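The values are calculated or read from the model by the stated rules, or taken from the named source; none is laboratory data. This is a predicted model, so every value here is computed, not measured. Don't worry about glycine lacking a Cβ; one is built from the backbone with ideal geometry, like all the others, and counts go over all protein chains shown. Calculation scope for accessible area: heavy atoms of the full protein, side chains included, ligands and nucleic acids excluded. Shrake-Rupley method; radii C 1.70, N 1.55, O 1.52, S 1.80 Å.
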Amino acid sequence: VQLVESGGGLAPPGGSLTLSCIASEDTFTLGWFRQHPGQDREFVASISRGGYIPYYTNSVKGRFTISREYTKNMVHLQMSSLKPEDTAHYYCAAQKWESSRWFWGQGTQVSVSS
């Protein structure tokens, strides 16, 4: 699976950004992870065909919204009320089948600063 992200960039605290990702084929799960400098990659949000229920890490609940366009193999991450600690490299990720390995995009940088 090939994944290509778009969006990202610089936003002020309290601002908004939207990330988008297009997959080369249909997948069971599409989601987003992020990596802060010097830290491990962490889960942000995902949505799967199984239950169509989105999952979020606690730190972004109520601020980020993940959505999926199944006919276009796309996933979006709407980020609002951004905080400086949201600054990270964001990666689109996909699982071809339930509980299979993750495929990764190249990532896109999100920076939150005044």
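Numbers for the structure displayed
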item	result
The chain - accessible surface per residue (Å², probe 1.4 Å)	52
Karplus (6.51, -1.76, 1.60) ³J(HN,Hα), θ = phi - 60°, over segment 2-8, in Hz, Gly and Pro reported as x	9, 10, 10, 8, 8, x, x
Amide H contacts of Val44 (H built 1.01 Å from N, under 5 Å, at least 5 apart or other chain)	Trp32, Phe33, Arg34
Carbon/sulfur fraction of accessible area - the chain, other protein chains in place, 1.4 Å, %	50
In Hz, Karplus ³J(HN,Hα) per residue of segment 82-88 (6.51, -1.76, 1.60; θ = phi - 60°; x = Gly, Pro)	5, 10, x, 6, 7, 4, 5
Residue of Ser67, Ser80, Ser100 that the Gaussian network model of the chain assigns the largest fluctuation, springs spanning Cα pairs under 10 Å	Ser100
Cross-link reach list, lysines versus Lys83, counting only Cα pairs under 16 Å and skipping chain neighbours closer than eight places	Lys61
Phi to ³J(HN,Hα) by Karplus 6.51 cos²θ - 1.76 cosθ + 1.60 over segment 13-22, Hz, x for Gly, Pro	x, x, x, 9, 8, 10, 9, 10, 8, 10
Hits among lysines - C-alpha to C-alpha of Lys72 under 17 Å, sequence gap 8 or more where chains match	Lys96
Packing-based order for 90-98, 28-36, 69-77, using average beta carbon neighbours within 10 Å, highest first	28-36, 90-98, 69-77
Largest to smallest accessible area among Glu85, Glu5 [probe 1.4 Å]	Glu85, Glu5
